[in-house]
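Single-structure report; data block below.
The values are calculated or read from the model by the stated rules, or taken from the named source; none is laboratory data. On a predicted model such as this, the values are computed, not experimentally measured, just so you know. Neighbour counts run over all protein chains shown; Cβ positions are idealised from the backbone, glycine included.
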Amino acid sequence: MTFKKAEIVEESQSLKCSVPGCNNPWTVDLGRGRCSLHQWEPQEQQQGRPFSDAEKLAVLRRIKQIGAVSGKSWALALKARDEAGDRLTSLQRKFYKEALK
């Protein structure tokens, strides 16, 4: 048995998404390297206009509100589940009780 020597092809392919203005690295290559966000979005959204500054600020405000939830919201959620009769592990029960002291 003989093996053919591998050909080394040096191709300077960009590692960035092929959508103009997107700086994400491409993760899906179906003929053109795109990030997963751009590869799987509906075709009509791909042709759309770029976001305005006001739209970007609105998204950032919504993201900031998500982080503004109480730091103990996880403990309150576990307590509510426990009181509702859901099965919790002994560690879950211990940790939420300690956090709410």
From LEU78, LEU88, residue being at pLDDT 90 or above, touching a helix residue (DSSP H, G or I) at 6+ places or on another chain (Cβ under 6 Å), in a loop (DSSP other than H, G, I, E, B) and of a type in the set (A, V, I, L, M, F, W, C)
LEU88
Scanning the stretch 42-55 residue by residue, the ones that are assigned to a loop (DSSP other than H, G, I, E, B), modelled with pLDDT under 70 and either surrounded by 12 or more Cβ atoms within 10 Å (Cβ to Cβ) or not polar (S, T, N, Q) (or both) total 3
